[in-house]
Amino acid sequence: MRPVLIYLPFHIPIYSYGVMLGLSLIVGWYIVLGLCERDKMDREKMGSLYVLTAICSVAGARLLYVFTNLDRFDSFFDLFKVWQGGLVAYGGFLGGFLTGVIYCLVKKIKLLAWADCVVPSLGTGLALTRIGCFMFGCDFGQPAPGLAWAVQFPKDSPAWAEQLKQHLIDNTATHSLPVHPTQIYEMFVGLTLFGLTMLVRRYRTFSGQMFVSFTMGYAVLRFYLETLRADEQRGNIGSLSTSQFIGIVTFVLAGALYIWLWKWQKAHPGSLRYWEAAPVAAEVAAPKKKRRKK
């Protein structure tokens, strides 16, 4: 654990999670805008949309965490301490997606074309922010004493405090019990989904294919990872965690969208291959021919 990466003069802390979150947004900027340019989308408009989407994604991730953990906030200012962790990935995805929908409708941008350019950056974003989670000590896994790669977190860490609350250890313990490093698992999930979406991009037959592949892939992998998590901050809907419930809903919706897009592409070949559309050129008025005088 290293919750604070460095201290600036006057003992100002720079939190590890905040650094990794910021790094994920910078990496995402280059990935998204690079893919947009290759797909013949306007870089200036896409840059503005990326910034707006990034802000709303962080806000959405924080809001979902707050709604599922209202009892954990002592003051109004605590709601804004995102640099200390406390973001839910699905909240970020939904916040960014809704922002993209509204912006694309207003600016008359092909939503599926934009979504396909964004999802690879979600994979790298997951990978980088989960490293931040590991350094901060949140999002830890279930006890796994016999697991060769299990990790122990130090005293007063979130894992230690949770195990003390559950009477799995006493307050003399210097470390938590060995637990699944679920943060590292999700880091690999992010890298896997990045590779998957880029592979789909290479062989895609219609726009939206990358977006749907990421959505369905993450839903399945996150559902399983939730069975290994032990932190209580995830919230619950019945017997499912909040993320498991959202994962089921998004998997079904994404599957239905894939079938609809596939059928539409089959009935209208080439109509959804937005990346092949030529850039809109400025109209130039042709000079009028002068009539010859007889």
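What is the packing order of peptides 219-230, 247-258, taking the mean over residues of other C-beta atoms within 10 Å and listing the highest first?
Per-residue mean Cβ counts within 10 Å order the peptides as 219-230, 247-258.
Is region 181-273 rounded, prolate or oblate when judged by the Cα gyration tensor, a ≥ b ≥ c being the square roots of its eigenvalues, rounded requiring a/c under 1.5 and prolate requiring a/b larger than b/c? It is oblate, given that a/c is not under 1.5 and a/b is not larger than b/c. Dipole check for region 50-201: with +1 at the C-beta of Lys and Arg, -1 at the C-beta of Asp and Glu, and the Cα centre as origin, the magnitude is about 640 Debye.
Given an 8 Å cut-off on Cα distances and at least 6 residues of separation, report the relative contact order of the chain as a percent.
Working: 421 pairs, mean separation 57.2, N = 294.
RCO, the chain: 19 percent.
Note on the chain: the C-alpha convex hull projects to 23.3 nm² when averaged across all orientations. Please give the calculated 222 nm ellipticity per residue for the chain, where each DSSP H segment of at least 4 residues contributes -39500 (n - 2.57) and the sum is spread over every residue; nearest 500 deg cm²/dmol? Value at 222 nm, helices only: -20000 deg cm²/dmol.
Modelled this way, with points 7 Å down the Cα-to-C-beta line, the labels at I14 and L199 are 3.7 nm from one another. Cα axis of helix 111-136 to longest principal axis of the chain: angle in degrees, 0 to 90, nearest 10? Roughly 20 degrees, rounded to the nearest 10.
Between K266 and I55, the modelled labels are 4.4 nm apart [label points 7 Å from Cα along Cα→Cβ].
How do 9-17, 262-270 rank on mean C-beta neighbours within 10 Å, highest first? Display every interim value, and only then the final one.
Numbers: 9-17: 13.6, 262-270: 11.6.
Peptide ranking by packing, descending: 9-17, 262-270.
Against the chain, whose longest principal axis comes from its Cα atoms, helix 43-68 is set at around 30 degrees.
Over the C-alpha atoms of region 70-220, the Rg to Rh ratio, Rh being the Kirkwood estimate, stands at 1.08.
In debye, nearest 20: dipole of the chain around its Cα centre with unit charges on the Cβ of K, R (+) and D, E (-)? Spell out each step's value before the answer.
Values: 30 positive and 18 negative charges, 594 e Å.
In debye, rounded to 20, the chain gives about 2860.
Full extension of the chain between A161 and V27 gives 44.9 nm of extra length, using 0.36 nm per residue less the Cα-Cα distance.
No value in this document is a laboratory result; all are computed from the given coordinates. All of these numbers come straight from a predicted model, not from anything done at the bench. Quick reminder, even Gly has a Cβ in these numbers, built from the backbone with ideal geometry, and neighbours come from all protein chains shown.
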